[in-house]
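The values are calculated or read from the model by the stated rules, or taken from the named source; none is laboratory data. All of these numbers come straight from a predicted model, not from anything done at the bench. All Cβ positions, glycine included, derive from the backbone under ideal geometry; neighbour counts span all protein chains shown. Heavy atoms of the whole protein, side chains included, go into the accessibility calculation; ligands, DNA and RNA do not. Shrake-Rupley method; radii C 1.70, N 1.55, O 1.52, S 1.80 Å.
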Amino acid sequence: MIGEKIKQLRIESGFTQKDLADKLFVTAQAVSRWEKNEVEPSLETLTKIAKIFNVTVANLLGEESETVVVEKEVVKEVYKPQKPVLAVCEECNKPVYEATDVVRVQTHNGSHVFCRSCYAKKKQKEKNAKIFYGKEQRRKSFVWGGIFSGVIAITLLIIGIATQLSNGETIGLTIAGVLFFPFLSCLYLKNNFVGGMVLDVASWGFVRFPGLIFSLDIDGIIWFITVKLLFAILGFILAFACVVLAIALGYVISIFVYPFALIKSFKRPDLSERI
């Protein structure tokens, strides 16, 4: 086998795998894979290895050279060329010989190489995971949205009865509680803009107040503490108001958005884009 021959010649020459790799401008891992017969080096690489060890390619392949002899003079050596390995699939660790079967993917972790078959399986696996996630989010939207909106509706109903509101007002409060279901469901589905909008509007209330300059005496310190307390109260009021505004906007808008988000979750559960 080619791998055993390369290993034998490397050891006889006193080279480590890294030494040989440096001479061939490849990684030590590549040399290790050759020696384990997991992949075979290309013809060009075999030629370089043969030159390094001062042997013929035919000898490196473990075959006796076939020669054509004319008047006891060797004319040439004949050997069967190997098909070059273009890449090694990171998924199945098999060599890829055809350019059309090589798929290179650039991610934040760097470049990755796959054979076309493994890449197709990988994409299908990712799609199946997204479909499962979409279905799971829809199930949670039904369960938790129903539970929370039910609790809110019952609470408002009790408040209406306890405060002796009219039947119409009590029913209106109860319906308002039930209408929390679309809002909560939109937050769980995550295929719409309601959740992002609520967070954006709520963030308006979290502002940073300017710094204060004061004198280091009793009056200055009292003024500083008073203004700081005032800023804290104003900050709390502003944050509370923006949160309430965000929930109110989300509550109203979700009534119109929820039907489209629900239909989308059934048709394409693998999609996570906002509508």
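For this structure, a couple of remarks:
- VAL244 closer than 29 Å to VAL143 by Cβ, open to solvent by less than 80 Å² (accessible area, probe 1.4 Å) and without any contact (Cβ under 8 Å) to a residue 12 or more places away in the chain: yes
- The lone exception for GLY205 - which of (1) closer than 23 Å to ILE152 by Cβ; (2) touching a Ser or Thr at 6+ places or on another chain (Cβ under 7 Å); (3) assigned to a loop (DSSP other than H, G, I, E, B) it fails: (2)
- Residue in segment 10-27 that is of a type in the set (Phe, Trp, Tyr), at pLDDT 85 or above and farther than 29 Å from CYS115 by Cβ present: yes
- The residues of segment 111-165 that are loosely packed, with under 14 Cβ neighbours inside 10 Å and not in a helix (DSSP H, G or I), listed by number, are SER111, THR163, GLN164.
- Where a residue in segment 77-91 is modelled with pLDDT of 60 or more and β-branched (Val, Ile, Thr) and its partner, wherever it lies, is open to solvent by less than 80 Å² (accessible area, probe 1.4 Å) and not in a loop (DSSP other than H, G, I, E, B), with Cβ under 8 Å and at least six apart: VAL85/PRO95; VAL85/VAL96; VAL88/ARG33; VAL88/PRO95; VAL88/VAL96; VAL88/VAL113
- Number of the condition not met by ILE11 [criteria: (1) surrounded by fewer than 17 Cβ atoms within 10 Å (Cβ to Cβ); (2) hydrophobic (A, V, I, L, M, F, W, C); (3) under 40 Å from the mean Cα position of the chain (by Cα)]: (3)
- GLY211 being exposed (fewer than 14 other Cβ atoms within 10 Å of the Cβ), of a type outside the set (A, V, I, L, M), at pLDDT below 85 and in contact with a Phe, Trp or Tyr (Cβ under 7 Å, 6 or more places away or on another chain): no
- Among residues of segment 25-47, those that are surrounded by fewer than 17 Cβ atoms within 10 Å (Cβ to Cβ), in contact (Cβ under 8 Å) with a residue 12 or more places away in the chain and more than 33 Å from the chain's Cα centre (by Cα), counted: 4
- When residues of segment 94-107 are limited to those that are loosely packed, with under 12 Cβ neighbours inside 10 Å and not in a helix (DSSP H, G or I), the one modelled with the lowest pLDDT: THR107
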